[in-house]
Amino acid sequence: MLWLSITPRSVIAPAAILLESWRDLLGRVWHYLNDPHYIGNIPISVIAILEGALIFVLALLASRTLSALLQRRIAKRAYLDPGLRYTMGRLTQYLIIAVGMLLSLKAAFSLDLTSIAVLFTALSVGIGFGLQYLAADIASGFILLFERPVRVGDRITIGEDEGDVQSINLRTTVVATNDRISIIVPNSKLVSQRLINWSYGDPRARISIPVSVAYGSDIELVTNTLLKAAEDVDNLLRDPAPKVQFLKFGDWSLDFRLLVWTNRPRLHTQIRSDINYRIEKLFRHANIEIPFPQTELRLRGGSLHLDSGDRLVLDDKSDELDPH
């Protein structure tokens, strides 16, 4: 038999050589990753970029966590407006993200705060000229968060669209309609254009319902019928009481309007519908006529008849009248 003798030195020597080779390889990899490369005067390395990315990711996670925590703490205080809770959460999130971005740029590119300020100044000038609409939307977003003419949960009407404000983001605001359709509105439109905020200020709102009746109708009967139509309607206030106004003598009708008050203005569409149903029913029972536009043609002599071309022709004149 052949006996092999294995000594500790014969095992340790190859292991030491292998370990030394791995150390040399790792040292070269670390040197490659940590060795700075210059772009102009800015040093850039892989490790620094990874550190900056890690700081920015941690800032994003911290902003979401602290924003949610702050909103939960504020929600426990019943006397604080829910819109204020949303505003504080958003501002906290933006602040943490901004600080995290500054720290990540400093770690990744070794930029001092002066250089970063100059960079942001240059970017702001570029945004002002090249992305003016985007800049206007972002500036309007901060105006909405600080001035708060529109808050989360408010019922607003802008143009032909009406809905509840779901969120106010940095550039856009999301409005949910009664059909559960989300409308994305640029923040600049909410700041610069006219809109109706049904939830702003006094919770009471006056609703105007225009009504027209035919000439010859009993004015007093019309007034009493309109007041009766406002009785026993849900979500209406008795103080101030409903009121009827005689607006004008129209071209083909007598124009009135019924004024009612409610403390639930976001339901104004349903309230109008309920009252209009009652007006139609009561007018039908009281024989009050609701007119429609009509045109009268009067002739001072002669008569009309239709010729073969379906045109109105005067019997005693050669002129032809086109009914269209």
- Note on the structure: Counting only DSSP loop positions in the stretch 166-255, the trypsin sites (Lys or Arg not before Pro) whose Cβ has at most 15 other Cβ atoms within 10 Å are R180, R194, R204, R238
- Message: Which lysines, if any, have their Cα less than 17 Å from the Cα of K243, not counting same-chain residues under 8 positions apart?
- Response: K228
- Query: Taking K and R as +1 and D and E as -1, what net charge do the other residues with C-beta under 12 Å from the C-beta of D137 add up to?
  - Reply: +2
- Note on the structure: Here the stretch 62-74 yields Karplus 3J(HN,Hα) values (6.51, -1.76, 1.60; θ = phi - 60°; whole Hz; Gly and Pro given as x) of 5, 5, 5, 5, 5, 5, 5, 5, 5, 5, 5, 5, 5
- Could you state how much accessible area I290 has, in square angstrom rounded to the nearest 10, with a 1.4 Å probe and all protein chains kept in place? 90
- Mind listing which chymotrypsin sites (Phe, Trp or Tyr not before Pro) in the stretch 196-229 are in a DSSP loop and have 12 or fewer other Cβ atoms within 10 Å? Y215
- Task: Determine how large the accessible area of F146 is when every protein chain is in place; take a 1.4 Å probe and give Å² rounded to the nearest 10.
- Result: 140
- Of all chymotrypsin sites (Phe, Trp or Tyr not before Pro) in the stretch 241-290, the ones in DSSP coil with at most 15 other Cβ atoms within 10 Å are W252
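The values are calculated or read from the model by the stated rules, or taken from the named source; none is laboratory data. Bear in mind the structure is a predicted one, so any value in this text is a computation, not a measurement. Here Cβ is always computed from backbone atoms with ideal geometry, including for glycine, and neighbour counts include all displayed protein chains. The accessibility values were calculated without ligands, DNA or RNA, using every heavy atom of the protein model including side chains. Shrake-Rupley method; radii C 1.70, N 1.55, O 1.52, S 1.80 Å.
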